[in-house]
2 protein chains.
Amino acid sequence: MGCKRKAKRILQTAERLFASGRFHEVTLDQICQEAGVGKGTIYRYFDDKEDLYFQVILTGLDELVESMRQVREQVDDPGEGLRKAACRVVEFYRKRHALFRLMHTEQIRGSDRKGQMWQKWHTRHQAMLDVFADFVRMGIESERYTARLSPEAIARLIGGMLRSGLRNEDEMPGGDEWPAVVVELLESGLLPRENGETS
Amino acid sequence: MGCKRKAKRILQTAERLFASGRFHEVTLDQICQEAGVGKGTIYRYFDDKEDLYFQVILTGLDELVESMRQVREQVDDPGEGLRKAACRVVEFYRKRHALFRLMHTEQIRGSDRKGQMWQKWHTRHQAMLDVFADFVRMGIESERYTARLSPEAIARLIGGMLRSGLRNEDEMPGGDEWPAVVVELLESGLLPRENGETS
DNA sequence: CAATGAATACTGACTGGTCAGTTCTATCCC
DNA sequence: GGGATAGAACTGACCAGTCAGTATTCATTG
């Protein structure tokens, strides 16, 4: 049982290192050295390298999901909700850029244990997107939005845009602004328009 | 100098295998076996495993860029251009799903030769996005669009959305439709609106 | 056209290094 | 004291990359 302080240090170090290089470029010796723990200690808390890798991702994603759900609880207005949620995501990944890289370095299938791991990843990622989808749905139900796409699909689009923005934040306009701007851009495509159609 | 038939086979096999697993999970023995060439032959055409990996990506990306540039030559209307370009991207990656995975499995920096490689990747990726950006710019200059974001930024957003869509095509509405729908959704956020503002 | 030989393309067994994972003893600190 | 930990030393698997030898191609010559 013991304190999980060591486990936490290992996770933090691993997060940083795994984000700075590919899986095979990061050695456990490196991790335990930089974390200031013995190599054996890693194996006290994690099954193997692969497990450690996934724990890094999953614990990080859990934090994000938790934070997103708060937004859903606290906000009623769809537009505001979408903007707040977007800002939340961006803030989170900005703070933990290492995790961002890691999270979106899409790794691959696999029907074994690794498959289960990606299953878990998928669940959490979905949970995050669901927050966006819920706000969109809210907007549609209250007839503020009209959409040719499902809320889930739109949620994914938002996710994709935020990801692109994060990857190139230097090209995005001032500071905390851009996530809101991006969401508004998309949102205004959801608003019903009386006059001319797009195409 | 002989035909590069073998080189091509190696590239094709490598594309498939690299897309199906992470870099360290794919062995050269596997590649040369499935490609039906001797291991040494790989080294006749490629410097090393890393080089092979990048060649797969770069040659693929080159094809896509070429295809995108055609769209720019052939289309004048911004809206139509964006839609066509989006469809082109999606078609391409649909045909070569392996490449899609590979392309967007963002690998990591590195100041050595690997850095140069990512430089090249970046150039080509930029070239692809530039096609979108050019159409957006065209729309802005002709005063059809008004945007709070730069054409480059918007191009990235489009890229992000298409990527999300491709990753989950099953959730997207009917067949070849969705790229156009997605672009129109964003485009309608670019059209000037007389009445109420979004926020 | 066949024979010759040189150049080039190719093969796959082998090697050396790397590293995940284990074990064990000395040490820490609760 | 006793459980947790450090970390050195070890092992065994694995695999990128090599290279000596074989096959193929092609130009040259009688």
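The values are calculated or read from the model by the stated rules, or taken from the named source; none is laboratory data. In this text the structure is predicted, and so the values were computed from the model without any measurement. No Cβ is skipped: glycine too gets one built from the backbone with ideal geometry, and neighbour counts run over all protein chains shown. When the accessible area is computed, the model is the full protein with side chains, heavy atoms only, and any ligands, DNA or RNA have been set aside. Shrake-Rupley method; radii C 1.70, N 1.55, O 1.52, S 1.80 Å.
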Worksheet item: Between a first residue in the range A:38-55 that is within 14 Å of another protein chain (Cβ to nearest Cβ) and a second residue that is open to solvent by less than 10 Å² (accessible area, probe 1.4 Å) and more than 12 Å from DNA strand D (Cβ to nearest atom), which pairs have beta carbons less than 8 Å apart while being 6 or more apart in sequence or on different chains?
Response: A:Y53/A:A14; A:Y53/A:F18
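Okay, residues lined up against (1) within 27 Å of A:M128 (Cα to Cα); (2) open to solvent by 50 Å² or more (accessible area, probe 1.4 Å):
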residue	(1), (2)
A:H24	no, yes
A:R44	no, yes
A:I57	yes, no
A:E66	yes, yes
A:R88	yes, yes
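Can you find, within the range B:12-29, the residue that is farthest from DNA strand C (Cβ to nearest atom) among those that are farther than 17 Å from B:T59 by Cβ, of a type outside the set (F, W, Y) and within 14 Å of chain A (Cβ to nearest Cβ)?
Pass one, the range B:12-29, residues farther than 17 Å from B:T59 by Cβ: B:20-29.
Within this subset, residues satisfying the condition of being of a type outside the set (F, W, Y) are B:20-22, B:24-29.
If we keep only those that are within 14 Å of chain A (Cβ to nearest Cβ) as well, we get B:20-22, B:24-28.
Numbers: B:S20: 21, B:G21: 16, B:R22: 13, B:H24: 9, B:E25: 12, B:V26: 16, B:T27: 11, B:L28: 9 Å.
Of everything passing the filter in the range B:12-29, B:S20 is farthest from DNA strand C (Cβ to nearest atom).
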Worksheet item: Any chance the range A:30-37 includes a residue that's open to solvent by less than 60 Å² (accessible area, probe 1.4 Å), within 12 Å of DNA strand C (Cβ to nearest atom) and either within 14 Å of chain B (Cβ to nearest Cβ) or in contact with an Asp or Glu (Cβ under 7 Å, 6 or more places away or on another chain) (or both)?
Response: no
Item to complete: Go through the residues of the range B:53-63 one by one and say whether even a single one is more than 16 Å from DNA strand D (Cβ to nearest atom) and more than 24 Å from A:H24 (Cβ to Cβ).
Response: yes
Discussion item. Which numbered condition in (1) facing another protein chain (nearest Cβ under 9 Å); (2) surrounded by 19 or more Cβ atoms within 10 Å (Cβ to Cβ) is the only one that A:R148 fails?
Written reply: (2)
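Listed residues A:A155, A:A133; which is free of Cβ contacts under 8 Å to residues at least 24 places away in the same chain and either open to solvent by less than 10 Å² (accessible area, probe 1.4 Å) or outside the structural domain of A:E66 (by TED's automatic domain parsing) (or both)?
On the way: A:A155 fails: free of Cβ contacts under 8 Å to residues at least 24 places away in the same chain.
Just one listed residue meets the conditions, A:A133.
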